[in-house]
């Protein structure tokens with residue numbers, strides 16, 4: 001089911017993240033009216049050259065709904081489109097990253113032979129990059145113990161065996177966010193699939209080294225998005241309808257039962273830690289569009305694979321699509 005709500009004004013006075021400190025000043029508004037500038041025709045769906053997925057951490061939809069929480073994300077939902085019944089796949093974090101890129105919720109801290117969307121793109125002559133904030137070297141297992149904190153468990157490309165052989169495409173395309181993403185944005189030269197993982201101080205997960213109280217983790221993540229998203233929506237490729245942006249979360253809570261099935265209504269109906277906020281940005285989405293259909297991270301993968309022209313993998317094969325409900 002899809003309904004429309006009025007557009008709200010983007011940009012609220014809050015804090016801008018500078019390094020690991022929060023400094024009070026107005027947040028720059030995202031590009032005014034980034035969505036709805038083109039007309040969507042369901043009989044002739046748009047084609048996209050670039051799909052960008054940004055994944056945050058451990059933020060439930062119920063927490064998102066609380067007054068005053070994540071004001072930038074709320075303004076973004078009003079300016080673009082949002083999913084109101086989106087679910088993680090399971091707990092803890094890493095299996096959700098794997099599910100969203102391979103259709104299989106593989107284990108924690110383990111390499112896997114599962115086929116994945118990154119290798120699919122290589123085999124089909126298409127490009128991908130993962131941009132990992134604060135990663136010390138390409139395709140790195142090394143995790144910082146001081147801020148800014150990179151975590152390999154939030155880097156899905158690192159865990160796939162077929163990205164190491166016969167060519168180490170992981171080392172070529174799994175990159176530290178800076179300067180790789182800065183350069184690609186400056187040239188408006190993003191790959192077909194761009195996966196973005198903020199560091200622990202910016203993804204709502206938090207680490208003791210971040211330099212701010214744990215109670216501010218959502219505000220810090222929301223502020224980071226408020227400085228990053230406008231860079232995407234300002235791209236000519238976005239404004240011309242060729243770039244799609246999806247902002248989502250790996251799971252609704254980080255300390256819940258491991259291995260549960262968060263996609264099953266019989267489970268998630270009594271476990272709000274499964275439900276996650278998801279905002280979708282496209283020049284074709286009418287501002288304030290809300291999709292209340294039942295979706296999950298397998299749906300996200302399947303939708304991306306459809307757009308990228310590769311076969312659906314694993315449990316994405318039985319999932320729906322985000323496109324009809326949001327109109328992109």
### Task
Pull up the range 306-326, narrow it to residues that are more than 17 Å from residue 106 (Cα to Cα) and buried (at least 24 other Cβ atoms within 10 Å of the Cβ), then point me to the one that is farthest from the chain's Cα centre (by Cα).
326
## Note on the structure
residue 148 vs (1) in contact (Cβ under 8 Å) with a residue 12 or more places away in the chain; (2) closer than 19 Å to residue 193 by Cβ; (3) in contact with a helix residue (DSSP H, G or I) (Cβ under 9 Å, 6 or more places away or on another chain): all pass except (2)
### Message
Looking at (1) in contact (Cβ under 8 Å) with a residue 60 or more places away in the chain; (2) within 21 Å of residue 62 (Cα to Cα), which one does residue 269 not meet, given that it meets all the others?
### Response
(1)
### Message
Would you confirm whether or not the range 275-298 contains a residue that is buried (at least 16 other Cβ atoms within 10 Å of the Cβ) and part of a helix (DSSP H, G or I)?
### Response
yes
### Message
Can you pull out every residue in the range 28-64 that is closer than 30 Å to residue 152 by Cα and at pLDDT below 95?
### Response
30
### Task
Identify, from the list 241, 325, the residue that is out of contact with any helix residue (DSSP H, G or I) (no Cβ under 6 Å at 6 or more places or on another chain), at positive phi and at pLDDT 95 or above.
241
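Yes/no per residue for (1) surrounded by fewer than 17 Cβ atoms within 10 Å (Cβ to Cβ); (2) part of a helix (DSSP H, G or I); (3) modelled with pLDDT of 95 or more; (4) in contact with a helix residue (DSSP H, G or I) (Cβ under 9 Å, 6 or more places away or on another chain):
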position	(1), (2), (3), (4)
100	no, yes, yes, yes
104	no, no, yes, yes
107	yes, no, no, yes
110	yes, no, no, yes
130	no, no, yes, yes
139	no, no, yes, yes
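The values are calculated or read from the model by the stated rules, or taken from the named source; none is laboratory data. Just so it is clear, the structure is predicted and the values come from calculations on it, not from any experiment. A quick note on method: Cβ atoms are made from the backbone with ideal geometry, for glycine too, and the neighbour counts reach across all protein chains shown.
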